[in-house]
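The values are calculated or read from the model by the stated rules, or taken from the named source; none is laboratory data. These figures come from a predicted structure and were not determined experimentally. A quick note on method: Cβ atoms are made from the backbone with ideal geometry, for glycine too, and the neighbour counts reach across all protein chains shown. Only protein heavy atoms, including side chains, enter the accessible area calculation; ligands, DNA and RNA are left aside. Shrake-Rupley method; radii C 1.70, N 1.55, O 1.52, S 1.80 Å.
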Amino acid sequence: MEKIEWEASEYTISKRSTTFYVAFVLAVLSMAGLAILIRSWTFLAVVIVAAIALIVQQKTKPPIVKYSVSRDAIKINDRELPISGYKSYSFTGPEGKPTAINFIPKKRFKEQAVLQLPKKDFDVKKLQKLLADKIPEIDNPSGLLDIISQKIRG
């Protein structure tokens, strides 16, 4: 049974520019000022906790995940998901240089399986060939939220 295995970070964190941090500090200070002005201490606490969470998330290195795709299953670390539970897959990221593969489930409320691809030396064609007769690849055009999210991430 042919299987393709790789390791990649669980999520990607892009480098932020100085402009981002200046805008972030201004936004946090203005929301904190508004919270103090209207004497909403709960809102102030939420603003402070959210700012701290974003800073910690930005400074934390994402864990490395082991991915594996075979003709019958998708494996993310130790969790195995049968291919039969998915109706199609698509790649996300810039044309010619995808950053992730999304498996779209057959069941309506089941979550997508998102596998991050390594930044270098990964043969997407080999993965497409492996999945070709099992599930179809669909072109998943980026929606407005995807485009905005990619711009924010950098």
Could you go through segment 102-120 and let me know if any residue there is surrounded by fewer than 11 Cβ atoms within 10 Å (Cβ to Cβ) and within 15 Å of the chain's Cα centre (by Cα). yes
Residue list for segment 7-60, restricted to those being part of a loop (DSSP other than H, G, I, E, B), open to solvent by 100 Å² or more (accessible area, probe 1.4 Å) and touching a residue at least 24 places away in the same chain (Cβ under 8 Å): 15
Top-ranked residue in segment 61-72 [being closer than 25 Å to residue 16 by Cα and part of a strand (DSSP E or B); ranked as most open to solvent (accessible area, probe 1.4 Å)]: 64
Residue check, residue 139 against (1) in a strand (DSSP E or B); (2) loosely packed, with under 11 Cβ neighbours inside 10 Å, all met but one. Which one? (1)
Of these, 125, 75, 134, which one is assigned to a strand (DSSP E or B) and open to solvent by 30 Å² or more (accessible area, probe 1.4 Å)? 75
All but one of (1) assigned to a strand (DSSP E or B); (2) among the aliphatic types (A, V, I, L, M); (3) in contact with a helix residue (DSSP H, G or I) (Cβ under 7 Å, 6 or more places away or on another chain) hold for residue 81, so report the exception by its number. (3)
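Let's see how each residue does on (1) at pLDDT below 90; (2) among the aliphatic types (A, V, I, L, M); (3) over 30 Å from residue 103 (Cα atoms); (4) touching a strand residue (DSSP E or B) at 6+ places or on another chain (Cβ under 9 Å):
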| site | (1), (2), (3), (4) |
| --- | --- |
| 3 | yes, no, no, yes |
| 12 | yes, no, no, yes |
| 31 | no, yes, yes, no |
| 43 | no, no, yes, no |
| 54 | yes, yes, no, no |
| 59 | yes, no, no, no |
| 73 | no, yes, no, yes |
| 86 | no, no, no, yes |
| 93 | yes, no, no, yes |
